[in-house]
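Below: the structure, in structure tokens.
The values are calculated or read from the model by the stated rules, or taken from the named source; none is laboratory data. Treat the numbers as computed from the prediction; the structure is a model and nothing was measured. Quick reminder, even Gly has a Cβ in these numbers, built from the backbone with ideal geometry, and neighbours come from all protein chains shown.
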Amino acid sequence: MKTIVIGSDHAGFALKETLKNFLKDTYRVIDVGTDSEVSVDYPDYAEKLGQVILAGRAPRGILICGSGVGASVAANKLKGIRAGLCHDGYSAHQGVEHDDMNVLVLGARVIGTALAHDLALLFLGAKFTREKRHMRRLAKVAALEAHFNQHPRVKNTLSAKRK
């Protein structure tokens with residue numbers, strides 16, 4: 001059984017629970033929270049989800065917040081995470097096929113449950129094509145990531161700052 005990781009802030013909690021239940025018969029689902037609709041900060045859950053992927057415990061994840069924008073911005077700050085905000089089927093599978101997207105970001109206040117189910121299945125069922133042009137482009141993305149993560153003002157993790 002394949003493993004995925006799922007996480008959300010308070011605005012995405014209900015959709016996260018619905019998706020988790022929808023996927024649990026096909027996937028081993030690691031839930032990194034949140035566990036209620038009490039207000040929390042989406043960067044904390046983007047980081048938790050990203051750490052599971054970067055540690056190799058799951059190859060892909062689904063991250064949810066109200067609009068999806070904040071969670072997408074936060075997740076993409078983690079080196080090695082390629083998160084895409086998708087509210088249509090084409091982007092959900094094409095992001096994996098062309099861009100090796102490893103995190104699907106959804107906006108719970110933007111889409112409904114049925115569409116979220118469809119997007120999750122398209123994302124999880126897609127495979128990176130490894131075509132030469134896509135490999136070349138991803139190498140350029142990795143070069144950008146490496147260059148800008150060396151900047152002295154950039155930190156690799158925020159956990160230490162929050163303590």
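Tabulated results
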{"item": "Unmet requirement for residue 62, which otherwise passes all of (1) farther than 17 Å from residue 87 by Cα; (2) at pLDDT 95 or above", "result": "(1)"}
{"item": "Every residue from region 6-62 that is part of a helix (DSSP H, G or I), under 19 Å from residue 116 (Cα atoms), of a type in the set (Gly, Ala, Ser) and under 11 Å from the mean Cα position of the chain (by Cα)", "result": "46"}
{"item": "Subset of region 19-36 [of a type in the set (Val, Ile, Thr) and buried (at least 16 other Cβ atoms within 10 Å of the Cβ)]", "result": "29, 30, 32, 34"}
{"item": "Test: residue in region 32-48 that is under 21 Å from residue 125 (Cα atoms) and touching a residue at least 12 places away in the same chain (Cβ under 8 Å)", "result": "no"}
{"item": "Hey, residue 109 more than 18 Å from residue 42 (Cβ to Cβ) and either in contact with a helix residue (DSSP H, G or I) (Cβ under 8 Å, 6 or more places away or on another chain) or in a helix (DSSP H, G or I) (or both) or not", "result": "no"}
{"item": "Count of residues meeting criterion [surrounded by 18 or more Cβ atoms within 10 Å (Cβ to Cβ) and in a loop (DSSP other than H, G, I, E, B)] in region 79-99", "result": "3"}
{"item": "Test for residue 111: is it of a type in the set (A, V, I, L, M) and surrounded by 20 or more Cβ atoms within 10 Å (Cβ to Cβ)", "result": "no"}
